[in-house]
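Taking it in order: structure first as structure tokens, then the write-up.
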Amino acid sequence: MLRKTLPLAAVAVCLAGCAKGYPPVESVASDSDAYTLMGQAAQAEAAAPYRIGPDDTVSINTFFEPELSVESVKVDRSGQIGVPGIGSMTVEGLTTEELASQIEESYRGRLLERPQVSVSIVDSADRKVVVTGQVNSSGVFEIRNSTTLLEAIAMARGENEIAKMDEVVIFRTIQGQRMAARFDVNAIRSGAMEDPRILGNDVVVVGLSEAKEIWRDIRQLVPIIAVFRPLYN
């Protein structure tokens with residue numbers, strides 16, 4: 001159904017996915033199946049606590065102890081950070097509450113009698129979306145928990161003149177497997193379909209309209225053809 005557009009987009013994105021150990025996307029869900037597939041993943045993420053990962057930036061606040069606090073520290077690729085008074089700690093996979101508890105335990109009886117520590121996420125590497133394909137400004141964008149597909153496309157300054165808006169695909173990793181679902185943005189804009197939520201690490205690919213591409217090329221050729229028009233009636 002998607003003919004030339006989606007297989008090429010899927011191959012490009014899947015190559016990046018395979019480099020991280022994910023299998024290629026074998027099929028693209030559409031219509032109600034697309035909403036079911038992506039909705040289940042969104043519900044699962046909403047129910048699960050956020051876990052710290054590489055390239056996240058966290059802040060550590062030790063109450064009444066500024067020398068043991070840090071406004072921001074980035075988690076390195078090995079999943080570690082430097083904590084004042086402790087040194088390197090492995091934080092990957094921990095929630096902010098779990099990390100605060102471990103820091104308090106390390107301080108207790110050694111540096112502080114009754115340590116009180118809070119940890120918060122300053123910047124999350126998992127709260128970014130890639131928007132590419134037929135948009136005006138492809139890129140990687142910061143998202144909120146409530147960011148939707150329409151908002152993600154708007155971050156890329158909207159679709160270009162040869163975009164096929166009923167063939168917009170979201171690529172998402174669900175339980176370690178790369179999955180894809182196609183959405184009709186025209187139907188979303190008209191209110192006929194819901195605007196799906198975007199999750200961190202999603203990739204949004206706006207499809208190409210071959211018909212629009214042909215007409216664009218014809219319009220670009222018109223000035224050239226005019227140069228060679230006859231000079232006589």
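The values are calculated or read from the model by the stated rules, or taken from the named source; none is laboratory data. Computed from a predicted model, the values in this text were never measured in an experiment. No Cβ is skipped: glycine too gets one built from the backbone with ideal geometry, and neighbour counts run over all protein chains shown. The area values use the complete protein model at the heavy-atom level, side chains included, leaving out ligands, DNA and RNA. Shrake-Rupley method; radii C 1.70, N 1.55, O 1.52, S 1.80 Å.
Please go through the range 91-115 and pick out each residue that is open to solvent by less than 90 Å² (accessible area, probe 1.4 Å) and either without any contact (Cβ under 8 Å) to a residue 12 or more places away in the chain or part of a helix (DSSP H, G or I) (or both).
T96, E98, L99, A100, S101, Q102, I103, E104, S106, Y107, G109
Looking across the range 75-90, the residues that are open to solvent by 30 Å² or more (accessible area, probe 1.4 Å), more than 30 Å from V169 (Cβ to Cβ) and assigned to a loop (DSSP other than H, G, I, E, B) come down to D76, S78, P84, G85, I86. I'd like the residue in the range 175-233 that is at pLDDT 90 or above and basic (K, R) and, out of all such residues, is surrounded by the fewest Cβ atoms within 10 Å (Cβ to Cβ). Result: R189. Taken over the range 90-121, the criterion of being within 20 Å of P54 (Cα to Cα) and not polar (S, T, N, Q) is satisfied by V91, E92, G93, L94, E97, E98, L99, A100, I103, V119, I121.
In the set S124, S120, only one residue is surrounded by fewer than 14 Cβ atoms within 10 Å (Cβ to Cβ) and small (G, A, S); that residue is S120. Checking the stated criteria, R157 turns out not to satisfy the condition of being within 15 Å of the chain's Cα centre (by Cα) and either at pLDDT 95 or above or crowded, with 18+ Cβ neighbours inside 10 Å (or both). E151 passes every criterion in (1) open to solvent by less than 50 Å² (accessible area, probe 1.4 Å); (2) of a type in the set (D, E); (3) closer than 24 Å to A187 by Cβ apart from (1).
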